[in-house]
1. Out of E700, E711, E691, I need the residue that is modelled with pLDDT under 95, more than 27 Å from the chain's Cα centre (by Cα) and either open to solvent by less than 20 Å² (accessible area, probe 1.4 Å) or on the phi < 0 side of the Ramachandran plot (or both). Which one?
2. Out of (1) assigned to a loop (DSSP other than H, G, I, E, B); (2) open to solvent by less than 40 Å² (accessible area, probe 1.4 Å); (3) modelled with pLDDT of 95 or more; (4) of a type outside the set (F, W, Y), what's the single condition that is false for D181?
3. Given the residues A339, A384, A372, A343, which is the only one that is at negative phi and not in a helix (DSSP H, G or I)?
4. If I go through region 477-499 residue by residue, how many of them are within 26 Å of Y526 (Cβ to Cβ), of a type outside the set (A, V, I, L, M) and open to solvent by less than 30 Å² (accessible area, probe 1.4 Å)?
5. Going by the conditions given, is E373 out of contact with any Leu (no Cβ under 6 Å at 6 or more places or on another chain), open to solvent by 20 Å² or more (accessible area, probe 1.4 Å), under 26 Å from D268 (Cα atoms) and touching a residue at least 24 places away in the same chain (Cβ under 8 Å)?
6. I need the full set of residues from region 718-743 which are at negative phi and assigned to a loop (DSSP other than H, G, I, E, B), in order please.
7. How many of the residues in region 382-407 are open to solvent by less than 10 Å² (accessible area, probe 1.4 Å), at pLDDT 95 or above and under 18 Å from A667 (Cα atoms)?
8. Here is a check on your reading of the model: is V50 among the β-branched types (V, I, T), in a helix (DSSP H, G or I) and over 26 Å from H418 (Cβ atoms)?
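The values are calculated or read from the model by the stated rules, or taken from the named source; none is laboratory data. Note that the structure is predicted; figures quoted are calculated from it, not measured. Cβ coordinates were reconstructed from backbone atoms using ideal geometry, including for glycine residues, and neighbour counts include every protein chain displayed. Note: areas computed on protein heavy atoms with side chains; ligands, DNA, RNA excluded. Shrake-Rupley method; radii C 1.70, N 1.55, O 1.52, S 1.80 Å.
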Amino acid sequence: MLNSFSMPMIVWALLFLPALVTAQESLPFPDPPSPSKAGPTIAESTYKPVEPMRHLPADAPNVVIIMLDDVGPALPSTFGGPITTPTLSRLAESGITYNHFHNAAMCSPTRAAVLTGRNHHRVGFGQIAELANDWDGYTGHWPATTASVAKVLGYYGYNTAAFGKWHNTPAEQTTKQGPYDRWPAGRLVGFDYFYGFLAGESSQWEPAVVRNTTRVPTPDKENYHFTEDITEDAIKWLRRQHAIAPDQPFFMYWAPGASHGPHHIFKDWADKYRGKFDQGWDALREEIFARQQKLGWVPADAKLTERPATLAAWDDIPEDERAFQLRLMEVFAGYTEHADTHAGRLINELEQLGLRDNTLVIYVWGDNGSSAEGQNGTISELLAQNGIPTKIKDHIRALEQLGGLDVLGSNKVDNMYHAGWAWAGSTPFQGLKLTAGHFGGTRTPLVISWPKSIKPDKTVRTQFHHVNDIVPTIYEAIGIQPPKEVDGVTQQPMDGISMKYTFSDAKAPGRKKAQYFEIMADRGVYSPDGWFAAAWGPRTPWLPGLPAGIKNWNPDNDRWELYNLNEDFSQSADLAAEHPEKLDELKKLFRAEAKSNLVFPIGGGLWSIVWSPQSAPHNPATEFSYTQDVVGVPEFAAPKVGARSNLVTVDVELKPDSSGVLYALGAFSGGVAVWVDQGKLYYEYNLFEIERTRLESKGELPTGDVKVEVETQIATPRGAAKVTIRIDGKEVVKGTAPRTAVLAFTANDAFDVGMDSYSPVSEAYFDRKPFRFNGTINKVHIEYQ
């Protein structure tokens, strides 16, 4: 039986033999019986090799999907935006463009739809992996009933690879011990090769990187950057593929961490945008809108929607804070241009290898709209997710201590821009990332280029489409049908439809039927007659914390809006009052779509945020026992030594010259660490760089076998942490961290014993990272109190 993980060289040889199968109902393909006849001896036997079947057309194209992260529809210069995007423009010049294309408004959900052709709740991703729960549409566990495009194409004979950010593996299953089924190169998902990170975001300077199913050290390279790393790895993969199996088609999925927070980029890339945003986000939005209309990307009769009353105007920003806010946007712009530029290196390589002509390149500009998760601008973007209020002066003060504005974008901060910049990046629409009912959260430019089969055409495609249409489009372009059964499991039908009908006819009538949208109760539904209904959810992404009374929120009380997209490109005119019957029709349509797509209960994605934080993925243990060789445990699978009352006991051998980390959780952007240095024991609670509480032991440290106890008492979520440290039963220091993290310090860093991997928690040993302990740690025992 053929499988997509151990494909011998004969597979690509099978692709070009006479018989062609395009409608295979069950995968994998069965092995044909051998016509050879075995007798007692060779002389009495007849040897006749199997005549292999060909499963693909002789000219089956290579396929490359490029998708950036957290970039709004108005950002690329290709379509009137302020950020230079040479690769997007280059592909648009050689292909076709779409301005009514949509994502799912959030990371994991969009990726699930892109890779399966199904709506995101059907794949269990109604919420991101880190906030999954047990409602059927929100489990974060990719089901075998929705085989990925990589798995299907692998069975047909493609070689498949994914690079960059993944974000579709259960958060608690990302340790070195697996299980690996739902890792990109795991049995269930089916990529042949993966290089990138599994989490939803990462430091671009010190990422926790995975190759296939092995966690590997971050490359020790001067001027390392994750986007450049995955690009170089993808190019090497292309070269190997072309050298070893030049006749075998391939499928590549390239999705960098850019431009999700933290916004990390080299200073010279950010400096390219110095002074280009001094007008502020209100004026920038008007400038973008004018260019969009001049280019014809946005219709001449479209309206520019107003800024929400709850979002600050640029004029509201104090003068002494503006330099900080401007530099945040300059860094983001450089980060985004850098990502698009490196996508261009892949296109260059395809050309150099002679593969570009028959490679179908699908460039989805963004997996959701611009992100407001930086809220008022921040040097440590997970402050917002942890619901910790701060003032901009706190960020500027902490930044000055680190070196000032030039530190933004570096490995000493996890900066993210003000939501006002995100709003400008969503011109001309309402909404941002997470607002599934409004196009600022869901609409994204799409470019498709396939020189052999698509004639370049500057006429913008205006048919309404969705990321769940990508896989059906790939299948039709190749000439195969989606299988009804994979690995013995009956498959759910495709929710998406092929867009191939638009390749040669820009004005073809749209074929998309109803399409729902929903993220954390922010919801909407498209009707094929061009009407759209939307309801805002109970949360506003750019406002800190949870709104008062959210635990009593009822979706039945939400106010719905109604838009006629045939006349209103930007959802600027709410017609609910004028057409109540039409609104009722669409509300019923949404309810039907929600029921059939596992969206119920409405607001299910809020379960682990509002009603049951303990339901979010975590390590269920209440006691942990580690030895010195246990390092790199992903934070979501690690003990919550910074969020829960706990007692950590370290059995360690101390000498007069002992130094190094005993244990650490998190990163420079936030975490907890205990270390020994110059005869002292130190503890630090780093609250996202805004507050650092450091304790130092009194007196000389004993030598020999020593028991160190670190007791932490946290009475309420986000409340103070009272820390007492004892050595051999004697108190040596105590103190209080004023506030604590409740969710996580990082998305992609780790818990370590005997070192501090990736990004160091404390500035005290920043230049000595990973600051390995130079002695023996016999045991670390952690118990929740």
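1. After ruling out the rest, the residue left standing is E700.
2. Of everything listed in (1) assigned to a loop (DSSP other than H, G, I, E, B); (2) open to solvent by less than 40 Å² (accessible area, probe 1.4 Å); (3) modelled with pLDDT of 95 or more; (4) of a type outside the set (F, W, Y), D181 misses just condition (2).
3. A372
4. 3
5. Yes; evaluated as a whole, the condition is true for this residue.
6. Listed by number, the residues that qualify are G719, A720, P738, R739, T740, A741, V742, L743.
7. The number of residues fulfilling the criteria is 3.
8. Spelling it out, it is not the case that V50 is among the β-branched types (V, I, T), in a helix (DSSP H, G or I) and over 26 Å from H418 (Cβ atoms).
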